[in-house]
């Protein structure tokens, strides 16, 4: 969901027994609204996500092609201790592929990759994110979407604290960016500003 509108809605046909009809394995048929493959800017402010009583993550996504070079400036403030959350980018739900900027509860931030069910921890560094130390970052995606770096905007001069280049082959097209607060955590995305880089 983004801005209260479910942009990634599922459409499922049900048989009389209440189970999905269609393929024998009862696979859901997923439909998505049309999207632009031209990268564009977006922003959001004050997105509160309270997943303290949930067993699944709270996710708000924006259907968006980030193209080959994109910048996301963000502020994520946790309201609970030992928080976890992610900004998922270069997401492609059709190919089950995405990268994520992860805020870990152990005082680290890092990049991960999900590739058709395989989760890979790509790179991490120490940077505490908690209620007193919000995630004030700029994520820069470049090199055809294969290189990403993280700048810490809480430090004067916004130094780059983490970078990674994916060498796993051709990337599927980006279809979404998702803002996730993990189960057991409450947080606010104070602002997120995404824009293509010329």
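All of the numbers you see were taken from the coordinates with simple rules; none came from a lab. No experiment lies behind these values; they were computed from the predicted model shown. Every residue, glycine as well, gets a Cβ built from its backbone with ideal geometry; the counts of neighbours run over all protein chains shown.
Under 17 Å from the 7 Å Cα→Cβ point of residue 116, by amide nitrogen: which residues of region 80-98?
The answer is 92-98, whose backbone nitrogens lie closer than 17 Å to the label point.
Neighbouring Cβ atoms within 10 Å as the yardstick, rank 126, 166, 37 fewest first.
37, 126, 166
Using the alpha-carbon centroid of each, what span in Å lies between region 109-140 and region 162-198?
Here the answer is 9 Å between Cα centres.
Quick one: if you stick a label point 7 Å off each Cα along the C-beta vector at residue 170 and residue 155, how many nm between them?
Going by the 7 Å Cα→Cβ label model, 3.8 nm.
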